[in-house]
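Here's the structure we're looking at; comments come further down.
Bear in mind these aren't lab numbers, they're just calculated from the coordinates by the rules spelled out. What you are looking at is a predicted structure, and each value in this text was computed from that prediction instead of being measured. Virtual Cβ from ideal backbone geometry, glycine too; neighbours counted across all protein chains shown.
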Amino acid sequence: MGEQVSTAIIAVRTVGIPVTDQDRAVEFYVGTLGLDKRVDVPVEQLGGRWIEIAPLGAATAIALVPADPGHPAGVETGIRLTTADAASLHKELAARGVEVGELLLWEGVPPMFSLRDADGNGLEIVEEQKGEA
């Protein structure tokens, strides 16, 4: 296997989502989804800003990074956000014009649905189950 490093990795800080317009992305993730903007600073090397957004109190944030030819927008992010009531959130987001998928109600699995941001990046919303933290 190889040697382990001597200093352990202790957390996941951010997961990046490539976006074509950072202001539009902030409006969607903060204004529409209700996430909290934690960091927003210019970074010349990125050709934009370093922006971190997250649910209030969450340990891991989403970085809204400028898309480029090597990292295009419109990807399936693999990010799954939780909510207390997936059906209510699904209905509310659909009414606000967000592209949402079908509300999935599978036996033994928490209710969930997919959504797309303005760049077509895909995320999932999963209902938090009692006893989860």
TODO: Using DSSP to define loop residues, name the GluC sites (Glu not before Pro) in the stretch 83-133 whose beta-carbon has at most 15 other beta-carbon atoms within 10 Å.
DONE: Glu102, Glu107, Glu128, Glu132
Open item on the list: Looking at the chain, identify the longest residue range that excludes and avoids all trypsin sites (Lys or Arg not before Pro) in DSSP loops having at most 15 other Cβ atoms within 10 Å.
Closed with: 14-95
TODO: Could you give the spread of the C-alpha atoms of the chain along their three principal axes, from largest to smallest, in whole angstroms?
DONE: 42, 39, 27
TODO: Could you check the simple spin-label distance between Arg80 and Glu27, using points 7 Å along Cα→Cβ, in nm with one decimal?
DONE: 3.2
Task: Pairwise label distance in nanometres, Thr7 with Glu107, each label 7 Å out on the Cα-Cβ vector - done: 5.1
Open item on the list: Using a 10 Å cut-off around each Cβ, can you sort His71, His90 from fewest to most neighbouring Cβ atoms?
Closed with: His71, His90
Open item on the list: Can you compute the FRET efficiency between Glu92 and Val15 using 1/(1 + (r/R0)^6), with r the Cβ-Cβ distance and R0 = 22 Å? Round to the nearest 0.05.
Closed with: 0.35
TODO: Calculate how many DSSP beta bridges within the chain are antiparallel, expressed in % of all such bridges and rounded to the nearest 5.
DONE: 60
Task: Ranked list, fewest to most other Cβ atoms within 10 Å of each Cβ, for Ser114, Ser88 - done: Ser88, Ser114
TODO: Quick one: dipole size for the stretch 14-127, taken about the Cα centre, charges +1 on Lys/Arg Cβ and -1 on Asp/Glu Cβ, in debye to the nearest 20.
DONE: 140
